[in-house]
Amino acid sequence: MLPTPTTALLAGRRPFRRPPAVPAADPAVRAYLNEQLAATTGLLEQLRRAAASEALAGERTTLLRVRREVGADRAALRAAMRRLGAPTDWTVLGASWLSARAGRLLPLLHRVPALQRATGVVTGALPTQPARAGVVEGLLVLEGVLGDLHRRAVAARLLDELAATGPADRGGPLRGLAERARAQREEVEAAHRRCAAPLLQR
């Protein structure tokens, strides 16, 4: 009896072998990696809102570029977590997402008095009142982003060291993360200096 095409195909295939199981990471390492993943997710949302702000329209290209880079770093972090045996904790990630959403209006509570002072008190060579309010709003938004970028740069140094302690194929995606985080922070700091220029004019 001639073999059927299906039989012939199966006969020529190599037996399926499951990839070796990745040993689970230390619980503290798993927790830390998930906290950093959640923080990066929150930073992406903050950068999205900053790029959408009319007060920062002139810096939109820079902010969107930094957001793309942070998104790529987030993907690298998730890849490293899989290789290191640290599954995503969706509870932590979900709580961070909800916190970022709930906190969208909170910065406005302390911005209102600052904006009122900017439009009602400051005079001289500064821009017109609506423009002054836009300058202050843009600076406050960028300073919020910079706070998160600074925290991320500090954590990235530790993640770089974590990647260096294990096999290159497991921690590889984390290598260079600290340098990228530093460069991203410097880009937003430069945007902040440009936005602050009207306040320094005399």
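The values are calculated or read from the model by the stated rules, or taken from the named source; none is laboratory data. Please read all numbers here as calculations on a predicted model, not as lab measurements. Methodologically, a virtual Cβ is constructed for each residue, glycine included, from the backbone with ideal geometry; neighbour enumeration extends over all protein chains shown. Surface areas here come from the heavy atoms of the whole protein model, side chains and all, with no ligands, DNA or RNA. Shrake-Rupley method; radii C 1.70, N 1.55, O 1.52, S 1.80 Å.
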R82: passes all of (1) at pLDDT 90 or above; (2) farther than 17 Å from L146 by Cα; (3) open to solvent by 20 Å² or more (accessible area, probe 1.4 Å); (4) not polar (S, T, N, Q) but (1)
Can you find even one residue in the stretch 62-69 that is within 16 Å of R193 (Cα to Cα) and among the hydroxyl-bearing types (S, T, Y)? yes
Open to solvent by less than 20 Å² (accessible area, probe 1.4 Å), in contact with a Phe, Trp or Tyr (Cβ under 9 Å, 6 or more places away or on another chain) and either modelled with pLDDT of 80 or more or not in a helix (DSSP H, G or I) (or both) - does that describe any residue in the stretch 151-159? yes
Does L108 meet the test of being assigned to a helix (DSSP H, G or I), modelled with pLDDT of 90 or more and of a type outside the set (D, E)? no
Condition set under 8 Å from the mean Cα position of the chain (by Cα) and open to solvent by less than 30 Å² (accessible area, probe 1.4 Å), scope the stretch 48-71, selection farthest from L159 (Cα to Cα): answer is G71
Some residue of the stretch 26-34 being open to solvent by 80 Å² or more (accessible area, probe 1.4 Å), more than 16 Å from A155 (Cβ to Cβ) and modelled with pLDDT under 90: yes
